[in-house]
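S.K.: Take this structure, written in structure tokens, and hold onto it; I'll ask about it next.
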Amino acid sequence: MFRLSGFRAVVLAALWLTTSLLAACGGGGGGSGGGPSPVSNTSQAPTAALANVAAISVDRGVSGVPNMPFVSVTVCAPGSTSCQTIDHVLVDTGSWGLRVFASQLPASVALPQRTAGNGNALAECMQFFDGYTWGSVRTADLRVGGELAASLPIQVIDPNYAAVPSSCSNTGAARNTPSALAANGILGIGVFKHDCGAACANQAISGTYYGCSGVSCTPTAVAESAQVANPVPYFGADGNGVIVDLPAVPSGSAASLSGELIFGIGTESNNSLGSAQVIGVDPARGVFTTTQNGTTYSGSIIDSGSTGLFFSTTQMPACASPDQAYYCPSSTVQLSAVNTGSNGITSSVTFSVGNAAQIWQASGGAPVMPLFAGPAFVGSQVFDWGLPFFYGRKVYAAIEQQSTPGGTGPYFAY
């Protein structure tokens, strides 16, 4: 996912897809297809007993959307034992900070309201290509696996909080319920510390942060220390980055997949950088360059929150309406690309693209789809390496200003 406005001083965009393929197969909707209840007090069992590891699952989730990696997050009132564990929170290397729903937090987990510089209550709008989330900014202690970040600003998504400003709601549909978001929250663990940075600290930007008095909310500047924050750099010794480790998918689909979210790079015996290639990213925008079939995409990203590989090409046709978000070649095609980092390092990547409509129908709507790719939403400068890129790889995200064996972040590596 990428934020649309005011994000890191440039106009980038978040990619969240509820594909029409779901409607064609009876998926989607409020927790259909056996999805979990919006709130759970049962954490997913970790696949390792190490403090810096949390279990990742790719499954039917909340709304049956494919290629969504989930983790459990425990949210506590600051400095207390009043906590709630929330499952099926999207693991997102393309955003920064935790976002959960007010409906998932019982009254016993009372999170203090953050305030703007003028003393008004602080709220946030998170705009994506096809929608937005809205709600207050609160303070919480967060635990993921065995790691703890104390007193961190988070977004509590709540459509009933004050009145949603028109400058927020003018971007697509509201994603203010778990079924509409297709997740119980978003855990943004990308390469930046805060979700807007200096852009929002220096000026009020519509579609980002708001100060609210009663039901009236107006755009406001917000110091970085008060912005919704990536929890990873606040995890102490393991705070310089993350690794998303998912196994390969041996066929065109799978009913589920289990992996690990590992915190730290070169800080423990289980998170060495090894021979991974370090792809430096622009320190303001978090992007690098991809070249594919003679086309250069200068705004490329690695985003576990995207449900496919998304790029514009004439090499294959899009699926017929209403499934045009994805490509539908007559047979699976083998492609290659070269990623070039801001550090000058190049990396060749091979990947395959299948007929999304045929695979979806044949699998009965399986949640793991390694051959999904499409032209949806991305502009001509963006190659979005979404979740299919992660299958069979360890993907590293090093956080800005943090020292790692591969150099100082921000960078991706794989």
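The values are calculated or read from the model by the stated rules, or taken from the named source; none is laboratory data. Remember, it's a predicted structure, so these values are computed and weren't measured experimentally. Cβ sites come from the backbone with ideal geometry, for glycine too, and all protein chains shown count toward neighbours.
S.K.: What residue, among those in segment 222-232 that are out of contact with any helix residue (DSSP H, G or I) (no Cβ under 6 Å at 6 or more places or on another chain) and closer than 15 Å to C200 by Cβ, is surrounded by the most Cβ atoms within 10 Å (Cβ to Cβ)? I'd like the intermediate steps shown before the answer.
M.R.: Start the filter on segment 222-232 by keeping residues that are out of contact with any helix residue (DSSP H, G or I) (no Cβ under 6 Å at 6 or more places or on another chain), which leaves 225-232.
Adding the requirement that they be closer than 15 Å to C200 by Cβ leaves 225-230.
Details: S225: 10, A226: 20, Q227: 25, V228: 25, A229: 24, N230: 28.
The selected residue is N230.
S.K.: What do you reckon, is L148 touching an Asp or Glu at 6+ places or on another chain (Cβ under 8 Å) and surrounded by fewer than 22 Cβ atoms within 10 Å (Cβ to Cβ)?
M.R.: Yes.
S.K.: I'd like to verify a number: residues in segment 326-380 that are under 25 Å from the mean Cα position of the chain (by Cα), assigned to a loop (DSSP other than H, G, I, E, B), closer than 28 Å to R60 by Cα and hydroxyl-bearing (S, T, Y), how many?
M.R.: Residues meeting the conditions: 1.
S.K.: Of all residues in segment 90-141, which are charged (D, E, K, R), touching an Asp or Glu at 6+ places or on another chain (Cβ under 9 Å) and more than 18 Å from P219 (Cα to Cα)?
M.R.: D92, R99, listed by residue number.
S.K.: Yes or no: C196 modelled with pLDDT of 95 or more, assigned by TED's automatic domain parsing to the domain that holds T85 and either buried (at least 21 other Cβ atoms within 10 Å of the Cβ) or under 30 Å from Q358 (Cβ atoms) (or both)?
M.R.: The answer is no for C196.
S.K.: Might you check whether a residue that is among the β-branched types (V, I, T), at pLDDT 95 or above and surrounded by fewer than 18 Cβ atoms within 10 Å (Cβ to Cβ) occurs anywhere in segment 115-135?
M.R.: Let us first name the residues in segment 115-135 that are among the β-branched types (V, I, T), namely 115, 133.
Filter once more, so that each one left must be at pLDDT 95 or above: 115, 133.
If we keep only those that are surrounded by fewer than 18 Cβ atoms within 10 Å (Cβ to Cβ) too, we end up with 115.
Yes: one or more hits.
S.K.: Going by the structure shown, is V338 in contact with a strand residue (DSSP E or B) (Cβ under 8 Å, 6 or more places away or on another chain), surrounded by 15 or more Cβ atoms within 10 Å (Cβ to Cβ) and either at pLDDT 95 or above or not assigned by TED's automatic domain parsing to the domain that holds N52 (or both)? Working first, answer last.
M.R.: Working: in contact with a strand residue (DSSP E or B) (Cβ under 8 Å, 6 or more places away or on another chain): yes; surrounded by 15 or more Cβ atoms within 10 Å (Cβ to Cβ): no; either at pLDDT 95 or above or not assigned by TED's automatic domain parsing to the domain that holds N52 (or both): yes.
No.
S.K.: Something else now. So L181 fits all but one of (1) crowded, with 23+ Cβ neighbours inside 10 Å; (2) under 25 Å from S213 (Cβ atoms); what number is the exception?
M.R.: (2)
S.K.: Pick out, from segment 245-325, the strands (runs of 3 or more DSSP E) lying fully within it that include 2 or more residues that are out of contact with any Leu (no Cβ under 6 Å at 6 or more places or on another chain), touching a residue at least 40 places away in the same chain (Cβ under 8 Å) and under 15 Å from A397 (Cα atoms).
M.R.: Fully inside segment 245-325 and qualifying: 257-263, 278-280, 295-302.
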